[in-house]
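Read through the structure below, which is laid out as structure tokens, and then see the notes.
The values are calculated or read from the model by the stated rules, or taken from the named source; none is laboratory data. All values reported here derive from a predicted model rather than from experimental measurement. Reconstructed Cβ throughout: ideal geometry from the backbone, glycine too, with neighbour counts over all protein chains shown. In case anyone asks, the SASA skips ligands and DNA or RNA and just uses the protein heavy atoms, side chains included. Shrake-Rupley method; radii C 1.70, N 1.55, O 1.52, S 1.80 Å.
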Amino acid sequence: MADQSFTDAIALLKADHRTVEDLFEQFQAAKAGNRKKTITRQICVELKIHTLLEEEIFYPAFRGKIEDDTLDEAYVEHDGAKVLINDIEASAPETDFFDAKVKVLSEEIKHHVHEEEMPAKGMFSQCRQTDVDLVSLRDQMLARKQQLLAQDKADGLPPAEPKAVNLAPAN
Ligand SMILES: [Fe+2]
Ligand SMILES: [Fe+2]
């Protein structure tokens, strides 16, 4: 199902970035625990879906067409963020370190978004110089996003899974 409100795959991903930045700002202003819980749940769902769309569809489309280091570092940065995403989702706002975890996650995401969006050497500008069809990628990502949103509504999404980093077992 094509959604013409995004011109292409990169516009879709950048819109996700703005959504999450806005949610992090809302968190900064939030005082009540239940409000913080609502906002962090939204942040975690947004980030889990966004990282899946990139890892399953967007990044693989550019393997061999842009710098390998750029793609490899993106997977590792995602995995770093997933540690905090899964922890924050399983934590209550009243617990120790909760605000710090959200703050550090926002800083990690800010760095990662910069790597994707920065002019010239950034991932997205490298992607724009390839022959990959960004409109078809948009449609694939929108279809997958609808599936994941439906899954979240029905059963909740499972914890984010690392793709590149070997994390110590949880217990
Ligand atoms: Fe992204
Ligand atoms: Fe990313």
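Quick test for you: out of Ile66, Ile43, pick the one residue that is open to solvent by less than 70 Å² (accessible area, probe 1.4 Å), over 14 Å from the mean Cα position of the chain (by Cα) and away from ligand 2 (no atom under 12 Å from the Cβ). Spell out the reasoning first.
On the way: Ile43 fails: over 14 Å from the mean Cα position of the chain (by Cα).
Selected residue: Ile66, the only one of Ile66, Ile43 that is open to solvent by less than 70 Å² (accessible area, probe 1.4 Å), over 14 Å from the mean Cα position of the chain (by Cα) and away from ligand 2 (no atom under 12 Å from the Cβ).
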Run down Ala30, Ala9 and say which single residue is in contact with a helix residue (DSSP H, G or I) (Cβ under 6 Å, 6 or more places away or on another chain), open to solvent by less than 30 Å² (accessible area, probe 1.4 Å), touching a residue at least 60 places away in the same chain (Cβ under 8 Å) and not aromatic (Phe, Trp, Tyr). Ala9
Per the filter on region 69-86, residues closer than 16 Å to Gly122 by Cβ and of a type in the set (Val, Ile, Thr) are Thr70
If the requirement is being charged (D, E, K, R) and at pLDDT below 95, which of these qualifies: Asp3, Asp68? Asp3
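Just checking, which of Leu84, Leu149, Leu157, Leu105 is closer than 17 Å to Gln42 by Cα, hydrophobic (A, V, I, L, M, F, W, C) and without any contact (Cβ under 8 Å) to a residue 60 or more places away in the chain? Steps first, please.
Values: Leu149 fails: without any contact (Cβ under 8 Å) to a residue 60 or more places away in the chain; Leu157 fails: without any contact (Cβ under 8 Å) to a residue 60 or more places away in the chain; Leu105 fails: without any contact (Cβ under 8 Å) to a residue 60 or more places away in the chain.
After ruling out the rest, the residue left standing is Leu84.
Looking for something more than 13 Å from ligand 2 (Cβ to nearest atom), open to solvent by 60 Å² or more (accessible area, probe 1.4 Å) and not β-branched (Val, Ile, Thr) - is there at least one such residue anywhere in region 106-114?
Just the residues of region 106-114 that are more than 13 Å from ligand 2 (Cβ to nearest atom), to begin with: 106-107.
After this cut, where a residue has to be open to solvent by 60 Å² or more (accessible area, probe 1.4 Å) as well, the list is 107.
Those still in the list that are not β-branched (Val, Ile, Thr) too: 107.
Within region 106-114 (the criterion being more than 13 Å from ligand 2 (Cβ to nearest atom), open to solvent by 60 Å² or more (accessible area, probe 1.4 Å) and not β-branched (Val, Ile, Thr)), the answer is yes, since at least one residue qualifies.
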How many of the residues in region 147-171 are assigned to a helix (DSSP H, G or I) and farther than 14 Å from Glu56 by Cβ? 6
Among the residues of region 85-125, how many are more than 16 Å from ligand 1 (Cβ to nearest atom) and of a type in the set (A, V, I, L, M)? 7
